[in-house]
Amino acid sequence: MLNRLKLRSSSLVMLLLAGLGLSRCDTPKPLDPAAYDALYVTPAAIPAGPQRVFHLGHSLVGRDMPAMLAQLAGDGHRYESQLGWGATLKSHWDPDVPVNGFAEENAHPRYRDAREATDSGDYNALVLTEMVEIKDAIKYFQSADYLHRFAQAAWQANPDTRVYLYETWHNLSDIDGWLERIDRDLPTYWEGEILRRALAYDGMDRPIYLIPAGQVMARIVREIESQPDGLGGLTNRQDLFSDEIHLNDLGAYIIALTHYAVLYQRAPVGLPHELRKADGTPAQAPTPEAAAMMQRIVRDVVQSMPNTGLPQE
């Protein structure tokens with residue numbers, strides 16, 4: 001219950017703004033689909049070595065997933081983060097807008113101030129995500145505008161920094177259907193209202209890549225739930241979650257694989273599946289059969305979407 005209240009805190013702020021008659025500021029019309037697709041015709045170059053990554057978001061990023069990513073990537077991978085409870089991109093950017101749960105979520109040695117990190121030029125990759133409910137974030141908190149601001153700041157500090165938008169998901173009990181929302185929300189909101197609008201600003205002449213975690217989760221859930229007896233000890237979507245929206249260790253492993261595949265431009269097949277959490281304790285590991293399935297699906301999803309930057313197969 002506490003975790004749900006954390007994620008809902010931004011929604012309460014949104015309702016207050018709605019009562020005051022405030023809405024999102026004017027942003028450009030979404031970039032034409034053909035122009036958007038053209039940005040991703042040429043695959044991203046494969047990174048030459050270990051990456052330094054800054055993670056910006058909320059509890060669907062968490063502490064454990066970036067720690068798992070670092071273990072998958074191996075020696076030399078470095079990362080920092082700034083998190084909150086249901087935090088918006090606007091709150092991470094604007095010093096006058098509080099980040100809900102800031103003190104609690106950033107009480108760890110990997111914390112770094114978001115604006116300081118973005119302006120430092122220290123990072124190969126800046127990974128951002130938006131609050132849930134995504135359509136409310138777009139309507140009331142100018143998601144595309146703040147993605148554009150973070151991207152421009154990162155590129156000004158270091159033109160070689162790659163910027164990524166991490167696609168998430170909604171409550172398992174969403175009245176419109178969890179799988180249905182993931183299928184619909186990617187083209188409608190994550191791409192149509194955030195990526196394509198952010199890339200329509202003047203000066204946005206390079207791609208912002210997508211980390212399609214929601215798509216991966218949906219594909220894995222469909223595979224598990226299509227088997228009469230499940231697969232690799234997994235029988236349904238709840239096996240990947242600790243509550244209605246937050247991941248357990250198995251879910252965090254899937255998202256770490258997805259980040260690895262996109263950030264390093266490599267298929268994650270054959271990677272370790274026995275990892276540790278951010279606090280150093282062993283994470284619950286998927287069975288070898290489940291891990292192989294997760295790795296295969298991550299590979300297939302990211303290689304089927306040009307906006308991940310991977311060559312298409």
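Please verify whether region 54-62 includes one or more residues that are open to solvent by 20 Å² or more (accessible area, probe 1.4 Å) and under 22 Å from Ser120 (Cα atoms). No, region 54-62 contains no residue that is open to solvent by 20 Å² or more (accessible area, probe 1.4 Å) and under 22 Å from Ser120 (Cα atoms).
When restricted to residues that are of a type in the set (Asp, Glu) and in a loop (DSSP other than H, G, I, E, B), region 42-86 contains 1. Go through the residues of region 213-236 one by one and say whether even a single one is free of Cβ contacts under 8 Å to residues at least 60 places away in the same chain, within 16 Å of Asp37 (Cα to Cα), open to solvent by less than 30 Å² (accessible area, probe 1.4 Å) and touching a helix residue (DSSP H, G or I) at 6+ places or on another chain (Cβ under 8 Å). No, the conditions are met nowhere in region 213-236. When the criteria are applied in full, Gln284 meets the requirement of being open to solvent by 30 Å² or more (accessible area, probe 1.4 Å) and touching a Leu at 6+ places or on another chain (Cβ under 7 Å). Criterion applied to Ala200, Ala153 was being surrounded by fewer than 21 Cβ atoms within 10 Å (Cβ to Cβ) and not in a helix (DSSP H, G or I), and the one residue passing it is Ala200. Flag set for His170, criterion: in contact with a Lys or Arg (Cβ under 9 Å, 6 or more places away or on another chain), closer than 17 Å to Gly62 by Cα, at pLDDT 95 or above and not hydroxyl-bearing (Ser, Thr, Tyr). Residue-level analysis places Thr258 outside the set of residues that are over 15 Å from Leu69 (Cβ atoms) and at pLDDT 95 or above.
Yes or no, residue by residue, for (1) open to solvent by less than 20 Å² (accessible area, probe 1.4 Å); (2) in contact with a helix residue (DSSP H, G or I) (Cβ under 9 Å, 6 or more places away or on another chain); (3) part of a loop (DSSP other than H, G, I, E, B):
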residue: Pro98; (1), (2), (3): no, yes, yes
residue: Val127; (1), (2), (3): yes, yes, no
residue: Lys135; (1), (2), (3): no, yes, no
residue: Thr168; (1), (2), (3): yes, yes, yes
residue: Leu179; (1), (2), (3): no, yes, no
residue: Asp183; (1), (2), (3): no, yes, no
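The values are calculated or read from the model by the stated rules, or taken from the named source; none is laboratory data. All figures in this text were calculated on a predicted structure; none of them were measured in a lab. Positions of Cβ are backbone-derived with ideal geometry, glycine not excepted, and every protein chain shown enters the neighbour counts. We work out accessible area using only protein heavy atoms, side chains counted, and drop any ligands, DNA or RNA first. Shrake-Rupley method; radii C 1.70, N 1.55, O 1.52, S 1.80 Å.
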